[in-house]
Amino acid sequence: MKTQTYSLNMGPQHPSTHGVFRIVLELDGEVVVKATPVPGYLHRGIEKLAEARTYTQVIPYTDRMDYLASMLMNWGYVAAVEKLMGIEEEIPERAQYIRVITGELSRIASHMIATGDYAGNIGGLTGFTYTFRDRERIMDMFEMVCGSRMTVSYFRIGGVAADLPDEFFPACRQFISDLPSMCDEYDGLITGNEIFQARTKHVGIITPEDGINYGITGPSLRGSGIAYDLRKVRPYSVYDRFDFEVPLGERGDCFDRFSCRIKEMRQSARIIGQALDNLPDGPILAKVPKVIKPPAGDAYAEIESSKGVLGCYVVSDGSPKPYRVHFRRPSFINLGMLGKMCEGWKIADVIAILGSIDIVLGEVDC
Amino acid sequence: MFGQGLIKGLQVTWHEMFKKKVTVQYPEEHAPLAARYHGRFQLDADKCIACGMCANACPNKVIQITKEKVGKKQYLTKYVMRIEYCLFCGLCVESCPKDAIAFSHIINMNQFYRDKVRLVLVDRPAPESLPEGEAAEPDAGGAAAGKAARVQQAARAQAAAGKAADKEGE
């Protein structure tokens, strides 16, 4: 019997797309023949907006890219401007450590959402409430540190905006000591669940070659067994001083990508613990001029964000405003392979695959 | 064995029944806010020297300042924040050399109408001459008079802020 394919819009309004994202699915019955991602619904033109603002004024806008890990977004931009100004070496030790602590907390918060949201996508909405309950503690800590919960704007060119308050330390220590038990809870509730495993194991495999060819980074690549973590392979800031492991997957399927994130949370907690122990005293901001005017030229800096490698390219023409800012957003680039990954799977698996690469639309559309 | 994972998951949720609640009944109860919380802005009009650094620091041109020259000093007559465009990033607070602008813990800034959203922190006419104690250096006499004037001014600023701010505000 001859059958026809038909097309179906998944999104832009769909809870599992983590925002406003559309996938045009060409279906043969329930099987996906072709999947075409259509991003752009959340485009705000942050790169263009940056051109009309001074270097410091861009920082609040970077928060709004990956709003689930805004500390790391700040870091990517600030690192590029510091490189442009040539003051990378002058950042005070204490500021570097504070950046590591808050950045890793941000990574945990982002992975918690990825974990809980993925459980929700697969059909176990209970998992969502558990990770959100625990993420709330990180949000409270950010509130202590910088007054905002998500859009932190905490990093400054040359350091950070304010020192860590006294009440932060007990809260943070308590949190990192509780984190392993939290992760055990997620493992018990989500990872160990047979239905969850049946839905995610051997689904949406990214082979190591494909992962590299498509430029996938972050936990999505590490799930395929490639040990590529910028914090290890090209340590920036003070990451070379910490003892941590890079968790890897074996098969590169949805389950591996998911479980990599839970393992990464445990490693992040280790890093935070070491950073808190060795937190030096001193200033938190390098000596930077009030009006930041980097010399004409360009700079590109990369950091390991929660979704992958966040790159930031800044061009200066010597004026107080950047001539051009470009962000290499890991979510956007990881999406590139989505069409290929979805082919041959059923509609329900599309949701499992999309959730497993953990995109956030603020970052995809920028 | 099939089903083991499900039972383990049920155990996790079962244990949760006996734990303390993490939510608060919002309108009746309020979760405590951190000391640095970014709530509604407040301006100490006496400290403000109308230098306009906050307006320059703002990424969205939220702050509009009107000032007049009284004697030798700049006198702040109007301080309006187009709060609908505010990102609450805190760059204005950070840039203030006199710590005049600060965050408060007031969080209910919602309004029914768009034209009520605008936050007027100071709206006052410029005096003919600055009151005594204001114009003179702090170590000069008439401190009491100066203090009284300052209190009066603060009250006026507060009234102006209250007028524009929401009526349900604390």
> Roughly how many percent of the accessible protein surface of the protein assembly as shown is carbon and sulfur, given a 1.4 Å probe and a whole-percent answer?
Replying inline: 55
>> Quick check: the distance between the Cα centres of region A:259-284 and region A:126-205, to the nearest angstrom?
In response: 12
> Roughly how much accessible area, to the nearest 100 Å², goes out of reach of solvent when B and A pair up, both sides summed, probe 1.4 Å?
Replying inline: 2300
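Around B:Asp99, under 11 Å between beta carbons, what's the net of Lys plus Arg minus Asp minus Glu among the other residues?
0
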> Under a 5 Å amide H to amide H cut-off, with H placed in plane at 1.01 Å, what residues pair with A:Lys34 once short-range neighbours are removed?
Replying inline: A:Glu26
>> Taking amide H atoms as placed 1.01 Å from N in the peptide plane, list the residues 5 or more away in sequence, or in a different chain, whose amide H sits under 5 Å from that of A:Arg324.
In response: A:Val315
> Relative to the present Cα-Cα distance, how much length would full extension add between A:Val238 and A:Glu343 at 0.36 nm per residue of separation?
Replying inline: 33.6 nm
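Considering only the other residues whose Cβ falls under 10 Å of the Cβ of A:Pro235, what net charge follows from Lys and Arg at +1 and Asp and Glu at -1?
Spelling it out: positives minus negatives among the neighbours equals +1.
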>> Keeping all protein chains in the complex and leaving out DNA, RNA and ligands, what accessible area do you get for A:Tyr67 with a 1.4 Å probe, in Å² to the nearest 10?
In response: 70
> Peptides A:215-221, A:349-355: what's the order by average Cβ count within 10 Å, highest mean first?
Replying inline: A:215-221, A:349-355
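At 1.4 Å probe size, put A:Leu230, B:Leu87 in order of accessible surface, largest to smallest. Numbers along the way, then the final one.
Numbers: A:Leu230 0, B:Leu87 35 Å².
Result, largest first: B:Leu87, A:Leu230.
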> If you count, for every residue in B:5-16, the Cβ atoms of partner chains within 10 Å of its Cβ, what is the mean?
Replying inline: 6
> To the nearest whole number, what is the average tally of beta carbon atoms from other chains within 10 Å of the beta carbons of peptide A:191-197?
Replying inline: 4
>> So, taking all protein chains as they sit and a 1.4 Å probe, how much accessible area belongs to A:Thr56, in Å² rounded to tens?
In response: 40
> Would you list B:Asp115, A:Asp365 from the most to the least accessible area, probe 1.4 Å?
Replying inline: B:Asp115, A:Asp365
>> Suppose all protein chains stay in the model; what accessible area per residue would a 1.4 Å probe give for the protein assembly as shown, in Å²?
In response: 46
> Across peptide A:150-157, how many C-beta atoms of other chains are within 10 Å of each residue C-beta, on average?
Replying inline: 2
>> At R0 = 56 Å, how high is the FRET efficiency between A:Asp184 and B:Ser129 if r is their beta carbon distance? Nearest 0.05 is fine.
In response: 0.20
> Using a 1.4 Å probe on protein heavy atoms, which residues of region B:84-117 have at least 20 Å² less accessible area in the complex than alone?
Replying inline: B:Leu87, B:Cys89, B:Leu91, B:Glu94
> Zone of B:Tyr113 (label point 7 Å along Cα→Cβ, backbone N under 13 Å): which residues in region B:73-106?
Replying inline: none
> region A:1-58 to region B:7-21: how many Å between their Cα centroids?
Replying inline: 37
> Which sequence of A:Arg261, A:Arg53, A:Arg173 reflects their accessible areas, 1.4 Å probe, from the largest down?
Replying inline: A:Arg173, A:Arg53, A:Arg261
> With charges only on Cβ, +1 for K and R and -1 for D and E, what is the dipole size of chain A about its Cα centre, in debye, rounded to 20?
Replying inline: 840
> For B:Gln64 and A:Glu93, what does the FRET efficiency come to when R0 = 56 Å and r is the distance between their Cβ atoms, rounded to the nearest 0.05?
Replying inline: 0.85
>> Taking every alpha carbon pair in chain A, what does the distance histogram look like in 20 angstrom bins from 0, in percent?
In response: 30, 57, 12, 0
>> Are there any residues in region B:54-71 with a reduction of at least 20 Å² in accessible surface when going from the isolated chain to the assembly of protein chains? Probe 1.4 Å, please list them by number.
In response: B:Pro59, B:Asn60
>> How far apart, in nanometres, would the label points at B:Ala35 and A:Lys48 be if each is projected 7 angstrom from Cα along the Cα-to-Cβ direction?
In response: 4.4
>> For a Förster distance of 60 Å, can you work out the FRET efficiency between the beta-carbons of A:Phe169 and A:Glu194, rounded to the nearest 0.05?
In response: 0.90
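The values are calculated or read from the model by the stated rules, or taken from the named source; none is laboratory data. Note that the structure is predicted; figures quoted are calculated from it, not measured. Neighbour counts are summed over all protein chains in view; Cβ atoms, including those assigned to glycine, are modelled from backbone coordinates with ideal geometry. Only protein heavy atoms, including side chains, enter the accessible area calculation; ligands, DNA and RNA are left aside. Shrake-Rupley method; radii C 1.70, N 1.55, O 1.52, S 1.80 Å.
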